[in-house]
Every structure is written in structure tokens, then in C-alpha cells.
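What follows draws every value from the coordinates through simple rules; no lab data is involved. Please read these numbers as outputs of a predicted model, since none were measured by experiment. Cβ placement follows ideal geometry from the backbone for every residue including glycine, while neighbour counts extend to all protein chains displayed.
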Amino acid sequence: MSGGAGEVVAAIRRDGFAIVEGALEATRLARLRSELAPYIAATPCGADPFLGLRSKRIGNIFMRAPVTRELAIDPYVLAIADGVLLPYCAAYRVNFTGVQHLEPGEVTQGLHRDGHLYPFVNPAPPTILGTIWAVTDFTADNGATVIVPGSHLWPEDRVPLPHETRPAVMPAGSLLLYTSGLIHGAGANRSTGVRTGCAIHYNLGWLRQEENQYLTLPPDVARTLPHRLQRLIGYDFGAPYLGIVHGDDPIRLLEDGPPAGPKVRSRPEISAAQRRARRFRVVAEDAPTEGVGLGAAKP
Ligand SMILES: O=C(O)CCC(=O)C(=O)O
């Protein structure tokens, strides 16, 4: 599709995924390829079947491929992330960055839900918005991500039948976006070429990030990043009070000179978004329900 952000959000809510062709123009696609090339060349294949014995995986991509700093804060992508994640949180974070590069001979990855990082039973509200930028074409033969449309709405234990899966075929420069409940996995590479994807995922601000952004991008490194990205990787509140440093806005760690004003434990936008965000009534599956409910559900 090539629709506006609202249309993409509607597709993700309905189908669990959307593919936007032409999301990355030729110049930045070329930069992405050339910035990643030395790292792909120097990286060995994976050590376990889930990560892919014929796959190369590279993390911390903001430091390795600087163009990805722009992709992570692309206004179109963030408008989609706003639509998918902001109903459930005051702010979202970068969850994970990584290159998934499949060599010929790679087999299909075990299908899974990214949402299983967290202890929620499907169907659940989206906790993560996954995005994979196609660095090469994604074809049915070279390992295009296998997706199960609609599976974000399935009961936890429903297993997809072969005819319910399909490859997320897309030309280089496209963007696959999918929600945490979508069953998916890297496909088998039966071709003679490689398949390279560059993932930048986002998660609800009150959940821990999969890739530890504070250790991969500590303050001295984070200072070199664009301000919006600094906030997005976590030098910000995840909600009012959530993430304070010395009782203050964590972004101040990255600022030079004396603090510009008094300490703050939220920002007006964060507080407003927190008031709008939905709240959850939690009932543990295998524990007495008495006393387990957290907070009050909005009517
Ligand atoms: O590379 C892909 O197509 C998807 C990879 C994936 O889902 C994973 O590694 O968890």
C-alpha cells in the first residue's frame, strides 16, 4: 500500500500488518546498503536455529548505520507508531534495532509473536510495533518474512495451518510494519542471493526494551544523536515519573551546562497523553483474582 498514516494504522489493526512500498527513497536506500556492508561482511552466521544458522544478525544499528537514525524518527513512521501504540501509553520507545541478513540455504525461522517478550496472553493490546525496512527485495524464494494475517486477533494457542501463512513480498525500499500479536518469522532462502532486512521496533513506554538502549547508547554516545532520537531511545519519561534521573527529566543528562530550570517529573505532553491512554484491568490466569486487579478500567 502507499496510503496515509491513518490508513496504515487501520490496516495494522485489522490485519496485524501493512506493507508500504517506496517508503525509502533510492538515495537513502543506497546509504543504508553501503553503511551496513562492512558489518555484514564481518559478521559470522548465527549460532542457533532460531537466530538462523545461515543468518547474520547485527544490533546497535544507530551507531553502525547512521542513516537508520533518520529512519527511526521518520515522521510518517512515527505517525503510524502514534496511532498503533499511543492509545496504550503516554510515550513509546525504541525496542530493538537489528539487521537480519539471510544467506542462501537458510531455513524458515520458528514462527512466533514478538509480544511474547512480555507475559500477555493473545489477543492482547499491541505492546510492540515492529518495522522491517527491506534493504534487498523480499521475495517468496529469498526468505521474505512469513506472516500470518489476522493472527494478532487469534486465541493464544491457535496454530497456523500452511495455507494461512504468506510471504511478505516487497521490493527493496519498502517497509513492513506489524503488531506484536502477529505470528511471523524469517522465511527460507531458497535463492542464490541474500535477503537483508533492517528492523527498528518500538514498544509501549512502560515496558522494558528488548535491546538495552542505555548500555548500547550510554550518555556520551547518545549526546551525538538527534534530540528526537535521544528521547525515543529512552532519555525521556515513559509516563509521568517513569524513568526519572536524580528526580528530573533524563534528557538533562545529555545537556551541557547548568539545568535550564527546576527539576521536572513529567512533561505536559507526557501528562496529557497519560490521561488519554487506556488503562488495563489485569487478572492473573492461574492465581486467585481477588486483589489482582490493577487500576480502574476506563468505561
Ligand atoms: O527477518 C525476518 O524476516 C523476521 C525476523 C524475526 O522475526 C526475528 O528474528 O524475530
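Ordered by the number of other Cβ atoms lying within 10 Å of each residue's own Cβ, fewest first, Leu217, Leu29 fall into the sequence Leu29, Leu217. Pull out a ≥ b ≥ c, the square roots of the eigenvalues of the alpha-carbon gyration tensor of region 53-143, then state rounded if a/c is under 1.5, prolate if not and a/b is larger than b/c, and oblate in the remaining case. Note, shape of region 53-143 comes out oblate. A full extension of the chain between Glu269 and Val221 corresponds to an added length of 14.7 nm, given 0.36 nm per residue minus the alpha carbon distance.
Where a ≥ b ≥ c are the square roots of the eigenvalues of the C-alpha gyration tensor, would you call region 8-160 rounded, which needs a/c under 1.5, or, failing that, prolate if a/b is larger than b/c, or oblate? It is oblate, given that a/c is not under 1.5 and a/b is not larger than b/c.
Net charge in the neighbourhood of Pro250 (other residues with Cβ under 14 Å of its Cβ; Lys, Arg +1, Asp, Glu -1) is +3.
Each part reduced to its alpha carbon centroid, region 164-208 and region 1-15 end up 16 Å apart. Ranked for footprinting exposure by Cβ neighbours inside 10 Å, fewest first, Glu255, Glu210 give Glu255, Glu210.
Per-residue ellipticity at 222 nm from helix content only, as computed over the chain with -39500 (n - 2.57) for each DSSP H run of at least four residues, stands at -6500 deg cm²/dmol.
Here the translational diffusion coefficient of the chain follows from Stokes-Einstein with Rh set to the Kirkwood radius across Cα pairs; for 37 °C and 0.692 mPa s it amounts to 163 µm²/s.
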